[in-house]
Amino acid sequence: MTTTTSLTQDELKTLVGQAALQYVVPGEIVGVGTGSTVNKFIDALASIKDQIKGAVSSSVASTERLQALGITVFDANAVESLSVYIDGADEIDGKGHMVKGGGAALTREKIVAALAQRFVCIADESKLVSALGRFPLPVEVIPIAANHVARRFAAMGAQANLRLANGLPMVTDNGQHILDVKGLTIADPLAFESEINQWPGVVTVGVFAHQKASVCLLGTAQGVKTLVF
Ligand code: 5RP
């Protein structure tokens, strides 16, 4: 008889956060993403903090959490390359393409991911999709371009909404704004990312296809599944 243990989403996040430790290279600096799943990884990383040199972080929030746990945080400019970058995702497809930016850290996430030889995505199974586009796509924009960029999405049949915090436009760690775009069909993530990224005023589009995941540790009811892309 097979028994299925039902784990909460939070427990699945803890599982994958701990599983990601196997990708951390002793003596090196590790790239660290942002979000509730990464917070579980950061907590796990604290248990081996004496075995690593430190971290490069993708947000003020992750930096604060890392430092509070006694992990040294290096500026991305101080690092030429990283063996591994560990981060969550809002969606991941069967090829390792992702939508990211639900936590508004997409621009720094893409920068730190670009430094890394390997992107390890940690996610619970609710994030696995057959095609990207269900989660409203985060796009970081220069504030004066927000309406223009929103009109360009409307012309594609999508709807872009300015992300708010306490009734005001949310301001990212980079001093910019975020549009959340609903109603998109992202059939070709590579081409879509290239196209949106060259619209004037777009800082970063939350499709990670050019810097897709190399590996995904997916938290499922049956345990952690490793998907290799
Ligand atoms: C932050 C991100 C996060 O990785 C993404 O939003 C997933 O977050 P969580 O682990 O909390 O579900 O891209 O900008």
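What follows is calculated from the coordinates using simple rules that are stated; it is not laboratory data. Every value quoted in this text rests on a predicted model; they were computed, and no experiment measured them. With ideal geometry, Cβ positions are generated from the backbone for all residues, glycine too; neighbour counts draw on all protein chains shown.
Of note:
- The residues in the range 159-170 that are buried (at least 18 other Cβ atoms within 10 Å of the Cβ) and not in a strand (DSSP E or B) can be counted, and the count is 1.
- A count restricted to the range 103-120 and to residues that are within 15 Å of the ligand (Cβ to nearest atom), within 22 Å of residue 227 (Cα to Cα) and not hydrophobic (A, V, I, L, M, F, W, C) stands at 2.
- Single residue of the range 121-130 satisfying the filter (in a strand (DSSP E or B) and within 12 Å of the ligand (Cβ to nearest atom)) that is surrounded by the most Cβ atoms within 10 Å (Cβ to Cβ): 122
- Single residue of the range 13-55 satisfying the filter (of a type in the set (S, T, N, Q), more than 11 Å from the ligand (Cβ to nearest atom) and crowded, with 18+ Cβ neighbours inside 10 Å) that is farthest from residue 104 (Cα to Cα): 18
- Evaluation of residue 77 against (1) surrounded by fewer than 15 Cβ atoms within 10 Å (Cβ to Cβ); (2) within 13 Å of the ligand (Cβ to nearest atom); (3) within 22 Å of residue 174 (Cα to Cα) (one fails), failing number: (2)
- Positions within the range 131-148 being buried (at least 24 other Cβ atoms within 10 Å of the Cβ) and among the aliphatic types (A, V, I, L, M), in sequence order: 132, 137, 139, 141
- Checking each residue of the range 88-96 against the condition of being touching a Gly at 6+ places or on another chain (Cβ under 7 Å) and within 16 Å of the ligand (Cβ to nearest atom) gives at least one match.
- Residue within the range 118-128 that is within 17 Å of residue 42 (Cβ to Cβ) and among the β-branched types (Val, Ile, Thr) present: yes
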